[in-house]
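Presented below is the structure to which this report refers.
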Amino acid sequence: MYLDSAILVKLVVREPDSDFYADLVDGQPSVRSSELAMPECRSALLRKWRQGQIDAWTHDMAWTRLQTLWSGGGLVLHPVTRGILLEAARDIEKCMARAPLRTLDAIHIATCLLFREYPLITNDRVMRVAAETLHLPLGALPR
């Protein structure tokens, strides 16, 4: 199972669909993402704090929980390698007719593909269309 950064944030900050994703991940033997999640999650948490969606304490606790997850807490982060970047560039081209895949999202998809970490768990519409284009198994969405 591969989680994009937005899903990781939902696991540590209360959002309407957080319970759905927590249940999806709970008990999974293999939960993966990219090292790219580190700065992406940090950015998302800081943005939520700056916009008043969370307070300083919630920000600090969420950031600590994420660090614990990827420091031996059950989440394995794959490194961003040259091979992944090349695959991401190919995927952007393959998907351009159906999905305007952004660079960071392409890196997540390439990591998921190259490490064969399925399904991809994302609620991002463009990423889901790109994954379908690349025949990448997708996880369910909340109802």
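A short reminder: the numbers here are calculations on the coordinates, not readings from a lab. What you see is a predicted model, and the numbers here were worked out from it, not measured in a lab. Neighbour counts run over all protein chains shown; Cβ positions are idealised from the backbone, glycine included.
Comparing P16, P39, P100, which has the greatest mean-square fluctuation in the GNM of the chain with Cα pairs linked when under 10 Å apart? Residue with maximal mean-square fluctuation among P16, P39, P100: P16.
Between the helical axis of 82-95 and the longest alpha-carbon principal axis of the chain there is an angle of about 70 degrees.
For S43, S33, S5, S71, the sequence from fewest to most other C-beta atoms within 10 Å is S71, S43, S5, S33.
Under the simplified labelling scheme, the R50-R90 pair shows an inter-label distance of 3.6 nm, with each label point 7 Å from Cα along Cα→Cβ.
If I stretch the segment between F115 and A140 completely, what's the gain in nm (0.36 nm per residue apart, minus their alpha carbon distance), one decimal?
Details: separation 25, 0.36 × 25 = 9.00 nm, distance 2.02 nm.
Working it through step by step, the gained length comes to 7.0 nm.
Here Q67 and D17 are evaluated by their C-beta separation; at R0 = 22 Å the FRET efficiency comes out at 0.45.
Once you reduce segment 95-143 and segment 43-91 to the center of their Cα atoms, the two points are 17 Å from each other.
Could you work out the helix-only [θ] at 222 nm for the chain, with each DSSP H run of four or more residues adding -39,500 (n - 2.57) and the total divided by the number of residues, to the nearest 500 deg cm²/dmol? Intermediate values should be presented prior to the final figure.
Numbers: 7 runs with 80 residues, N = 143.
Roughly -17000 deg cm²/dmol at 222 nm, from the helical runs in the chain.
Size of segment 2-133 from its Cα atoms: along the principal axes, largest to smallest, the extents are 42, 32, 27 Å.
E40 sits among other residues whose Cβ lies under 11 Å from its own Cβ, and their net charge, with Lys and Arg +1 and Asp and Glu -1, is -1. Exposure proxy ranking for L85, L3, based on other Cβ atoms within 10 angstrom of each Cβ and starting from the fewest, stands as L85, L3.
Report D for segment 59-143 in µm² per second (integer): Stokes-Einstein, Kirkwood Rh on Cα pairs, 4 °C, 1.567 mPa s.
Numbers: Rh = 13.8 Å.
Reported coefficient: 94 µm²/s.
Annotation: the residues I121, I54, sorted from fewest to most other C-beta atoms within 10 Å of their own C-beta, follow the order I54, I121.
Between R102 and R42, the distance separating the two model label sites (each 7 Å from Cα on the Cα→Cβ line) works out to 1.8 nm.
How high is the relative contact order of the chain, in percent, counting Cα pairs under 8 Å that sit 6 or more residues apart? Please report the intermediate quantities before stating the final value.
Values: 180 pairs, mean separation 41.2, N = 143.
RCO, the chain: 29 percent.
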